[in-house]
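In what follows, a structure is listed as structure tokens, so that the remarks can point back to it.
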Amino acid sequence: KARLYSGMQPSADSLQIGNYIGALMQWRDLQESYDAYFSVVDLHALTQPNDPSELREKTRRTAAQYIAAGIEPAKSTLYVQSHVPAHAELAWILGTLTGFGEAGRMTQFKDKSSRYGQDATSVGLFTYPVLMAADILLYQTAVVPVGDDQKQHIELTRDIAERFNARYGETFRVPMPMIQQESARIYDLQNPVAKMSKSAETDAGVLWLLDEPSKSAKKVMRAVTDSEGSVRYDRENKPGVSNLLVIYAALTGRQIPSIEDEYAGRGYGDFKKGLADVVVSEFEPVRNRALELLDDPAELDRVLAANAGRAETVAMETLGTVYDRMGLLRRR
Ligand code: TYM
């Protein structure tokens, strides 16, 4: 089986529906046909301010949501990034092969650093994509399923892998991004031209997987639309309605035209009510299962430890080859 790798930051108490549609739903299906690795990237989360005890909790919560959404720890390797030290080690190595200008061209870095200002922008934020390259390359990954916003980071990963291979001999498999067309970007319900994000400014536009489902239903009912009144996909002129249609289609597996037909001649109220029901019935079982898993953190920690052991075996093999190829004297 070809190898697949992906991860999410434990940057909030709950994942949002963009993480669910853009990543988790794909992961769940893909784990059947790939040798899949899914990490909770806690080292990446350190690039944002964090309360230490909250970070631990968020890490467990993120892992619990993976499992609740259908990632099976017996089938896929589901682990916490910092449990496998090779990630940080390879990140250092790859940093020596990454250009300063090259890293500076990452749009996510440019956006975040211009928001934070020079002094609040850490070196860690700058090297974030290098750590991400280490995650992926350690496992000789063939494909990386992600949302649209991570595409540039995967391209950098490919460049770094090719550079290493050219300089030191074939070592890394060069990975391909795997990006779903329509659902690759879910927008904020209150500001449907901005990506929905765990760190959004207002809560009203974000649907959280672990929220009380009735709360999510209310947010759907209050989502921004337009004054035309017809349920029709038109990204340019009707971003709000189009976003809701994409969510509807992704969660039900239906095609957008069939949903448009169903709601033809009916108002936005009906359409939103329909979508609210879809969201509630999708989220309810996932939420219940996640909360159940979080009731027994010791068992969850055991599962994560066993999976980290599996990951470490693969990671250490790649790291050893890298050290050899680069001429580091090995401890005997
Ligand atoms: P993160 O934690 O920001 O997001 C996790 C995944 O969710 C996707 N996503 C979305 N998809 C659609 N619509 C949205 N509004 C939306 N918001 C987020 C992201 O594209 C991502 O797939 N750098 C990564 C984590 C990472 C990683 C890796 C991923 C670290 N190492 C190695 C793949 C491979 C990140 O910040 O994801």
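Quick note: the coordinates plus some simple rules give every number you see, no bench work behind them. Quick caveat: nothing in here was measured; it's all calculated off a predicted structure. Please note: Cβ atoms are built from the backbone with ideal geometry, for glycine as well, and neighbour counts cover all protein chains shown.
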- When the scattering of region 203-291 is computed by the Debye formula from its Cα atoms alone, each counted once and equally, what is log10 I(q)/I(0) at q = 0.10, 0.11, 0.21, 0.22 Å⁻¹? -0.24, -0.29, -1.00, -1.08
- Sparse-neighbour loop sites [trypsin sites (Lys or Arg not before Pro); region 169-253; at most 13 other C-beta within 10 Å; DSSP]: ARG222
- Query: Dividing the Cα radius of gyration by the Kirkwood radius, what Rg/Rh value follows for region 112-211?
  - Reply: 1.06
- Message: Please compute the alpha carbon radius of gyration of region 41-123, then divide it by the globular-protein estimate 2.2 N^0.38 Å. Two decimals is fine.
- Response: 1.34
- Note on the structure: Computed from the beta carbon distance with a Förster radius of 22 Å, FRET efficiency for ARG167 and TRP92 to the nearest 0.05 stands at 0.85
- Return LEU138, LEU275 ranked ascending by Cβ neighbour count within 10 Å, so the fewest neighbours appear first. LEU275, LEU138
- Which order do ASP324, ASP211, ASP226 fall in if you start with the one that has the fewest other Cβ atoms within 10 Å? ASP324, ASP226, ASP211
- Note on the structure: Scoring region 203-291 by relative contact order with C-alpha pairs under 8 Å, at least six apart, yields a percentage of 38
- Message: From the helices alone, meaning DSSP H stretches of at least four residues, give me the mean residue ellipticity at 222 nm for the chain, per-run term -39500 (n - 2.57), in deg cm²/dmol to the nearest 500.
- Response: -16500 deg cm²/dmol
- Note on the structure: Percent of all alpha-carbon pairs of the chain at distances over 29 Å, whole number, is 41
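Check each of the GluC sites (Glu not before Pro) in region 158-224 and keep only those in coil by DSSP with at most 12 other C-beta atoms within 10 angstrom; list them in order.
Filter output for region 158-224: GLU170, GLU201.
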- Note on the structure: Under a Gaussian network model of the chain whose springs join Cα atoms within less than 10 Å, the largest fluctuation of GLN118, GLN16, GLN31 belongs to GLN118
- Fewest-first ordering of ASP119, ASP234, ASP159 by Cβ atoms within 10 Å yields ASP119, ASP234, ASP159
- Task: Divide the volume of the convex hull of the Cα atoms of region 134-265 by its number of residues and quote the answer in cubic angstrom per residue.
- Result: 140
- Query: Roughly how many nanometres apart are two label points built 7 Å out from the Cα toward the Cβ at GLU182 and SER258?
  - Reply: 1.0
- Note on the structure: Pseudo-spin-label distance SER230 to ALA204, built 7 Å along Cα→Cβ, given in nm, is 2.9
- Item | Full-extension gain in nm, GLN118 to ALA74, via 0.36 nm per residue minus C-alpha separation | 11.4 nm
- Rounded to the nearest whole number, the per residue volume of the convex hull around the C-alpha atoms of region 175-332 in Å³ is 181
- What ³J(HN,Hα) values, in whole Hz, does the Karplus curve 6.51 cos²θ - 1.76 cosθ + 1.60 give for region 186-197 when θ = phi - 60°, with x put for Gly and Pro? 9, 9, 4, 5, 8, 9, x, 10, 9, 4, 5, 8
